[in-house]
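Written below as structure tokens is the structure these notes are about.
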Amino acid sequence: MTTDRPEKPRRMPGDPSKTEMVERMIRVDHAGEYGAVRIYEGQMAVLGETKSGPVIKHMAEQEEVHLATFNDLVADRRVRPTALLPLWHLAGFALGAGTALMGEKAAHACTVAVEEAIDEHYAAQIAALDGEGEEGLRETFEKFRQEELEHHDTALDMGAEEAPGYDLLKGAIKRGSKLAIWLSERI
């Protein structure tokens with residue numbers, strides 16, 4: 001019998017079970033959205049009264065919706081949040097405020113870097129959920145991924161690439177974001 005669906009890859013010994021995989025996804029996404037809210041709070045503390053303020057506020061409001069969704073998922077599915085939330089509380093605000101103190105374009109470069117890492121992360125999660133019977137979760141991830149891409153594009157439109165040391169700044173923040181993702185899945 002042939003089907004139009006590709007065969008689902010088998011789990012290998014040592015791979016997390018479906019339940020463990022989904023718990024990790026919810027844990028790390030909860031941490032990521034928490035960190036994103038804190039980044040935008042830091043940016044708003046510095047740039048709230050500038051021309052970038054309303055744009056940052058809009059992105060922050062979307063991140064707050066994402067965080068509320070993951071707060072509900074953590075509770076509903078009884079997923080242990082990452083133990084690193086106190087660190088992300090401080091680090092997120094410091095990253096947002098610090099890049100904002102470097103200027104509006106640096107703050108937007110921060111957004112580009114973080115959103116690129118998040119786009120790649122959500123895309124990998126969406127692919128991993130294919131065929132797992134988690135369509136609702138997959139749809140949530142895709143919706144949030146599209147909003148993160150909107151933030152990325154908005155930040156580029158606001159002049160992110162004109163920030164002094166853009167490539168260095170973006171690269172460092174993106175690597176840091178990927179490290180935060182890896183740690184939050186596990187700790």
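Below are the figures for this structure:
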| quantity | calculated |
| --- | --- |
| Shape category assigned to region 96-187 from the gyration tensor of Cα positions, a/c cut at 1.5 | prolate |
| Relative contact order computed over the chain (Cα-Cα under 8 Å; 6+ residues apart), in percent | 27 percent |
| Theoretical ellipticity at 222 nm over the chain - DSSP helices of four or more residues, -39500 (n - 2.57) apiece, nearest 500 | -26500 deg cm²/dmol |
| Gyration tensor verdict on region 19-186 (Cα atoms; rounded if a/c is under 1.5, prolate if a/b is larger than b/c, oblate otherwise) | prolate |
| Ranking of 33, 185 by count of other Cβ atoms within 10 Å, fewest first | 185, 33 |
| Ordering of 41-49, 83-91, 110-118 by burial proxy (mean other Cβ atoms within 10 Å per residue, highest first) | 110-118, 41-49, 83-91 |
| Nearby lysines by direct alpha-carbon distance to residue 57 (threshold 20 angstrom, same-chain neighbours under 8 apart not counted) | 105, 143 |
| Top positive-direction residue, dipole computed over region 19-186 with Cβ charges, set 144, 177, 91 | 91 |
| Trypsin sites (Lys or Arg not before Pro) restricted to region 10-68 and DSSP loop, no more than 13 other C-beta within 10 Å | 10, 11, 51 |
| Local electrostatic count, residue 33, Cβ distance below 9 Å [Lys/Arg +1, Asp/Glu -1] | -3 |
| Gyration tensor (alpha-carbon) shape descriptor, region 38-88, a/c threshold 1.5 | oblate |
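Readers should treat all values here as calculations from the given coordinates under stated rules, not as data from a laboratory. All values reported here derive from a predicted model rather than from experimental measurement. Glycine gets a Cβ as well: all are built from the backbone with ideal geometry, and neighbour counts include every protein chain shown.
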